[in-house]
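The values are calculated or read from the model by the stated rules, or taken from the named source; none is laboratory data. Here the structure is a predicted model, which is why all the values come from computation and not from measurement. Don't worry about glycine lacking a Cβ; one is built from the backbone with ideal geometry, like all the others, and counts go over all protein chains shown.
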Amino acid sequence: MYFGNIYPFLTEDEIKNALLRQVNTYNLLFLLPVFEEAWESKFWRDKGYDGATFITDKSHPSIDVFIHDWAYRVHGGNYMDDFIFYKLQVILKDKAKRNYLGVRIAGMFLRVRNRVFKGKKGNSTENTKQLYNYLSKI
């Protein structure tokens, strides 16, 4: 199966391998429980995955954007998801402060839409909460 409109010529396995390469390259092993949860949800099949919406990804595909898209598309998104995105951006040496500001501002509209019109609660999973707590300490 090919991976949606953004990567029409790459298979799901190729995308997964690229994301796992990024995890290994940047020593993001602490991210694996959340990544596996996001990957197993196969959210892109019915909810789509389009990479960074209002910013330019430093790399494609990018683990920080993949996790953030999953959180917003499946659960509705919240401040923990935005913070995780920010901390991963810092680790990946992207324009973290600018991008974080963007996701907080644009995310406000997405969170309202998700809660009011799509009925998503914005609740984090236990793996996401653990990742948030871990990243809060580093």
* **Of all residues in the stretch 104-138 being without any contact (Cβ under 8 Å) to a residue 24 or more places away in the chain and within 21 Å of Phe35 (Cβ to Cβ), the one that is farthest from the chain's Cα centre (by Cα)** => Lys137
* Are any of the residues in the stretch 73-86 over 18 Å from Asn27 (Cβ atoms), small (Gly, Ala, Ser) and either modelled with pLDDT under 90 or crowded, with 21+ Cβ neighbours inside 10 Å (or both)? -> yes
